[in-house]
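Heads up: the structure comes next, in structure tokens.
The values are calculated or read from the model by the stated rules, or taken from the named source; none is laboratory data. Note that the coordinates shown come from a computational prediction; the quantities given were computed from them, not determined experimentally. Here the Cβ positions follow ideal geometry from the backbone for every residue, glycine too, while neighbour counts run over all protein chains shown.
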């Protein structure tokens, strides 16, 4: 049986809009509204955030608040590494998606010899760097951080020497080597990418299932194909961003995008994927109740969280 540890990361420093730090508590309110005892079953671990940097002013326009992001990713890394060394299964409830870099680094830090596959359920590719970002928001950079990418062929920005220094340090958290290979990523529901990201997806042959393919093939077949694509990986990590849901039902997130997953598709996809015994960590991110109406997105997200956890428990 898996020993589940609930990890709460209330970081919003890397998002473009404020409020993602409240996502964890919005999920807890949703559980109360549904009269669920989910949160009474786990003693949560709270990772120290760096949201106080938001009041200090941003000195890094091509990697907003990277000084604070560096701190919180280090904190996530050490937490996840410790849990994996104890053979715990982290279920991560996070604010902005930048902290996923720390999650990946922690998994790899605990088992550096194991090949790690990443299932990224998200409208966005999150492969930008300070050299390519159109916004400067670092929740669009976690996979580039984990893979130690700069993507200089697509360079558009001139980051300062101080920004570059932080960028080099952040990529080396957990060791100076790529924690993932881009060919070991599978994107699900990807549909909002920029040219620099498309270059990396094409040049590295990253597998992608867009929403229409998921709907045409069916959730179970897409899950099967995804796991088959990652058959050579020893461990799998699933990161579920609520903006993978269609924008009509994911208003409570910072970057909603049309033509996304339905609630039933998202639930079935996560519940099916987590049955694979190689899955060692599952994560849900980017719930922002300040953008929502009546906590609707958090209620949907909590349903995904609860059913996915039930699937994990039932199959181990």
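Laid out as a table, the results:
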read-out: Which listed residue, of 63, 14, is crowded, with 21+ Cβ neighbours inside 10 Å, assigned to a loop (DSSP other than H, G, I, E, B) and under 16 Å from the mean Cα position of the chain (by Cα); value: 14
read-out: Looking only at region 26-38, and only at residues there that are without any contact (Cβ under 8 Å) to a residue 12 or more places away in the chain and part of a helix (DSSP H, G or I), the one that is farthest from residue 126 (Cα to Cα); value: 32
read-out: Tally of residues being crowded, with 18+ Cβ neighbours inside 10 Å, touching a strand residue (DSSP E or B) at 6+ places or on another chain (Cβ under 8 Å) and on the phi < 0 side of the Ramachandran plot across region 183-206; value: 9
read-out: Single condition residue 178 does not satisfy, out of (1) out of contact with any helix residue (DSSP H, G or I) (no Cβ under 7 Å at 6 or more places or on another chain); (2) surrounded by 15 or more Cβ atoms within 10 Å (Cβ to Cβ); (3) in a loop (DSSP other than H, G, I, E, B); value: (2)
read-out: Residue ID - farthest from residue 186 (Cα to Cα), chosen from residues in region 212-230 that are touching a strand residue (DSSP E or B) at 6+ places or on another chain (Cβ under 6 Å) and crowded, with 21+ Cβ neighbours inside 10 Å; value: 222
read-out: Those residues of region 97-127 which are farther than 14 Å from residue 145 by Cα, touching a strand residue (DSSP E or B) at 6+ places or on another chain (Cβ under 7 Å) and buried (at least 23 other Cβ atoms within 10 Å of the Cβ), in sequence order; value: 107, 116, 117, 119, 120, 121, 122, 123
read-out: From 6, 83, 93, 22, residue being crowded, with 16+ Cβ neighbours inside 10 Å, at pLDDT 95 or above, assigned to a helix (DSSP H, G or I) and touching a strand residue (DSSP E or B) at 6+ places or on another chain (Cβ under 6 Å); value: 83
read-out: Residue within region 260-274 that is modelled with pLDDT of 95 or more, more than 19 Å from residue 117 (Cβ to Cβ) and either out of contact with any helix residue (DSSP H, G or I) (no Cβ under 9 Å at 6 or more places or on another chain) or exposed (fewer than 15 other Cβ atoms within 10 Å of the Cβ) (or both) present; value: yes
